[in-house]
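> This is the structure, below, for whatever I ask next.
The values are calculated or read from the model by the stated rules, or taken from the named source; none is laboratory data. Everything numeric here is computed off the predicted structure, so don't read it as measured data. Positions of Cβ are backbone-derived with ideal geometry, glycine not excepted, and every protein chain shown enters the neighbour counts.
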Amino acid sequence: MKFGTAFFQTKPVEKLLCIGISVGILIILVFFLAIGIVIYNSGRCHGTALTDTQLKQLMEALNQEPSDNSDRKIVGSCGKKNLAFQKKCGQSSYMDGYECGLAVDGNFSNYIHTKFFWKNNAYHGESNPNWWVDLESSCMIKLIKIYNRKDCCGTRFRNVEVTIGNSLSSMKVCGFYHGSAAKGEIISISCREPMVARYVKLAIKDQNTEEAILNFAEIQVFS
Ligand SMILES: [Ca+2]
């Protein structure tokens, strides 16, 4: 079998044989080329297409704050001012005329007072007397300053746990003051790890109710 100008000089049978071989080789080349394309494309994408519902759920999940970072989100007005000033508050019990707002009124002479009674020649209070304030914003709490009562009874301020949180049902310990404090003492508390919080709470953690009375004149909270 001959190719080129000699091709036209060959016999018809040889021409058909030559054409057949050429077409066969071409088909084999196209076959292997197709297999190569399929293998190449199959390696580029593995996975399953998401439905519209699955795609929506995925986008919602990506847009949500991780649950373990929920206490880091600052909401509302913070700034450098005293965040506790004239804010809503509460306390576990009251002695008449000594309500919780006296601790956030800017007056360092008056004070709050939980209930008490006289027993065995001593004043007694209640278990875990406590007081809290709603800052009305969730701020990174950096400093809490507590001003003790100035006229007497400074040592009542002892074993005070300071907790903060975004709700009163999910408070975390910020600091602890063992005391006892002196009259008029100013106690500064900074959390070991700064946390974002809307509520600040003080509680005497003491099983002995003698002198377990929460007194303090003022509290300031700064972010
Ligand atoms: Ca006051």
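> What's the number of the only condition in (1) within 16 Å of the ligand (Cβ to nearest atom); (2) more than 33 Å from the chain's Cα centre (by Cα) that A84 fails to meet?
If we test A84 against (1) within 16 Å of the ligand (Cβ to nearest atom); (2) more than 33 Å from the chain's Cα centre (by Cα), just (2) comes out false.
> Let me confirm something: among S137, S167, S180, which residue is part of a strand (DSSP E or B), hydroxyl-bearing (S, T, Y) and touching a residue at least 12 places away in the same chain (Cβ under 8 Å)?
S137
> Continuing with the same structure: Select from the stretch 100-134 the residues that are in contact (Cβ under 8 Å) with a residue 60 or more places away in the chain, in a strand (DSSP E or B) and of a type in the set (F, W, Y) and list them in ascending order.
Y123, W131, W132
> In the list V133, V173, which residue meets the criterion of being modelled with pLDDT of 95 or more, closer than 20 Å to A84 by Cα and either over 18 Å from the mean Cα position of the chain (by Cα) or crowded, with 20+ Cβ neighbours inside 10 Å (or both)?
V133
> Among the residues of the stretch 141-150, are any surrounded by fewer than 22 Cβ atoms within 10 Å (Cβ to Cβ), more than 15 Å from the ligand (Cβ to nearest atom), closer than 25 Å to K172 by Cα and assigned by TED's automatic domain parsing to the domain that holds A203?
Yes - at least one qualifying residue is present in the stretch 141-150.
> Go through the stretch 183-213 residue by residue and tally those that are touching a residue at least 40 places away in the same chain (Cβ under 8 Å), over 14 Å from N128 (Cβ atoms) and within 26 Å of the chain's Cα centre (by Cα).
11
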